[in-house]
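Scroll down for the structure; my scribbles are underneath it.
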Amino acid sequence: MIIKGLIKKQISNQYTIIDLETKKEYLAIPSGKLRYVKVDEKSSFNKTYGRSTKKRQQIIQISPKVGDKVLLDISGDTNVIEEILPRNNDLVRPDVANVDQVLLVFSAIKPEFSFNLFDKFLVILKEQKLNIILVVSKIDLIPTDELNKLKEQLQYYEENVGIEVYYVNSKQKIGFDILEHIFTNKITVLAGQTGVGKSTLLNALIPGLDIKTQEISLALGRGKHTTRHSELYEFNDGYICDTPGFSRLDLNIFEKEELKNQYDDFVSISSLCRFSSCNHINEPGCAIKEAVKNNKIPEERYNNYVLFYNEIEDKKNMYWKDMIIWK
């Protein structure tokens with residue numbers, strides 16, 4: 001018997017799957033045939049890597065992941081995932097599929113809010129066309145004047161980048177009354193560096209969940225990983241996905257000229273640049289640099305843009321250097 005299910009949890013090579021019709025849960029393993037799947041150019045599993053932008057028909061291995069909708073064979077002694085249905089999107093970090101929105105959790109302090117990491121998250125998630133919501137945690141640990149300064153800085157993102165921002169105290173559930181509605185009928189993934197309070201937030205949203213939490217390391221200035229696997233939790237007629245924490249993000253853009261297109265606030269002003277091909281780095285008559293000078297764009301956000309631009313350029317130079325060595 002074949003049923004249609006949703007992968008709720010993955011630990012190693014074992015998957016917990018919810019029957020989308022009956023809501024019954026099954027433990028399953030993937031079919032061996034998923035190691036050799038022929039995909040065409042239009043397949044959602046077909047990706048390009050490096051400098052290549054052209055997709056071609058190929059045989060690839062497809063690994064099931066949390067969030068996948070699958071066809072599950074429950075007729076034998078062992079339940080087997082026979083097919084993974086097409087994905088709407090496919091994240092690598094965190095490793096989850098078919099996400100509707102990302103809840104970025106950043107702490108106001110311990111660790112201190114990082115605009116560099118925040119801007120990098122926005123660039124990477126913009127590529128996936130995901131709705132982004134920011135939750136600032138630990139507001140009870142930061143002095144009021146510093147919190148107000150942070151709110152002023154983030155107001156720019158609300159007004160010019162379209163980011164929803166919520167401020168919460170997870171331990172006392174302050175700010176939760178206006179937060180809970182955003183999860184309805186959606187798969188929401190929690191993301192953010194370690195130690196910012198993702199597990200604490202999830203425990204506060206879903207009492208009794210009792211996910212392990214761990215305090216920030218004073219010596220390292222960051223948290224330790226508390227989530228060991230990805231899992232979907234039912235909440236308010238939707239699902240929240242908690243994933244293993246991480247503190248390093250890699251830009252997947254190969255051509256540095258593409259970076260400017262990931263900045264909605266830059267795009268709206270760039271039409272005023274002298275050159276239509278302006279990358280907002282060293283070109284004369286750049287409207288973006290003028291906007292930074294006139295405090296219309298935060299200087300720190302622009303400086304992060306330059307850092308990412310150079311990071312992409314360095315990565316490309318390293319690629320060509322490796323190509324020369326291999327030749």
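The residues on offer are LEU104, LEU71, and the sole one that is surrounded by fewer than 18 Cβ atoms within 10 Å (Cβ to Cβ), at pLDDT 90 or above and under 30 Å from PHE183 (Cα atoms) is LEU71.
Checking LYS316 against (1) at pLDDT below 95; (2) outside any helix (DSSP H, G or I), which single condition isn't satisfied? The one condition LYS316 does not meet is (2).
Evaluate the range 151-172: report whether one residue or more is farther than 30 Å from LYS65 by Cβ, in a loop (DSSP other than H, G, I, E, B), open to solvent by 50 Å² or more (accessible area, probe 1.4 Å) and of a type outside the set (A, V, I, L, M). Yes: one or more hits. In the range 173-200, the qualifying residues are those that are touching a Pro at 6+ places or on another chain (Cβ under 9 Å) and not in a strand (DSSP E or B), and the one that is surrounded by the most Cβ atoms within 10 Å (Cβ to Cβ) is VAL196.
So that you can scan it fast, the table gives a plain yes or no per residue for (1) open to solvent by 60 Å² or more (accessible area, probe 1.4 Å); (2) touching a Ser or Thr at 6+ places or on another chain (Cβ under 9 Å); (3) of a type in the set (S, T, N, Q); (4) part of a loop (DSSP other than H, G, I, E, B):
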position	(1), (2), (3), (4)
LYS110	yes, no, no, yes
LEU122	no, no, no, no
LEU125	no, no, no, no
VAL136	no, yes, no, no
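One residue stands out in the range 286-314 among those that are among the charged types (D, E, K, R) and over 24 Å from the mean Cα position of the chain (by Cα): the one that is least open to solvent (accessible area, probe 1.4 Å), namely LYS289.
Taking the conditions (1) open to solvent by less than 30 Å² (accessible area, probe 1.4 Å); (2) modelled with pLDDT of 85 or more in turn, THR227 satisfies each one other than (2). Go through (1) over 16 Å from TYR156 (Cβ atoms); (2) exposed (fewer than 11 other Cβ atoms within 10 Å of the Cβ) and name the single condition HIS280 misses. Every condition holds for HIS280 apart from (2). Within the range 78-99, track down each residue that is more than 20 Å from LYS23 (Cα to Cα) and open to solvent by 40 Å² or more (accessible area, probe 1.4 Å). Matches in the range 78-99: PRO86, ASN88, VAL92, ARG93, ASP95. Among the residues of the range 66-95, those that are part of a loop (DSSP other than H, G, I, E, B) and either acidic (Asp, Glu) or closer than 17 Å to LEU125 by Cβ (or both) comprise GLY67, ASP68, ASP77, ARG87, ASN88, ASN89, LEU91, VAL92, ARG93, PRO94, ASP95.
Failed condition for GLU158, given (1) touching a residue at least 24 places away in the same chain (Cβ under 8 Å); (2) out of contact with any Ser or Thr (no Cβ under 9 Å at 6 or more places or on another chain), with all others met? Only one criterion in (1) touching a residue at least 24 places away in the same chain (Cβ under 8 Å); (2) out of contact with any Ser or Thr (no Cβ under 9 Å at 6 or more places or on another chain) is unmet by GLU158, namely (1). For the range 1-43, residues that are at pLDDT 90 or above, polar (S, T, N, Q) and more than 23 Å from GLY238 (Cβ to Cβ) total 2.
If the condition is being touching a strand residue (DSSP E or B) at 6+ places or on another chain (Cβ under 8 Å) and among the acidic types (Asp, Glu), then the range 162-179 contributes only GLU164.
The values are calculated or read from the model by the stated rules, or taken from the named source; none is laboratory data. Since the structure is predicted, the reported quantities are computational estimates derived from the model, not experimental observations. Cβ atoms come from the backbone with ideal geometry, glycine included; neighbour counts cover every protein chain shown. We work out accessible area using only protein heavy atoms, side chains counted, and drop any ligands, DNA or RNA first. Shrake-Rupley method; radii C 1.70, N 1.55, O 1.52, S 1.80 Å.
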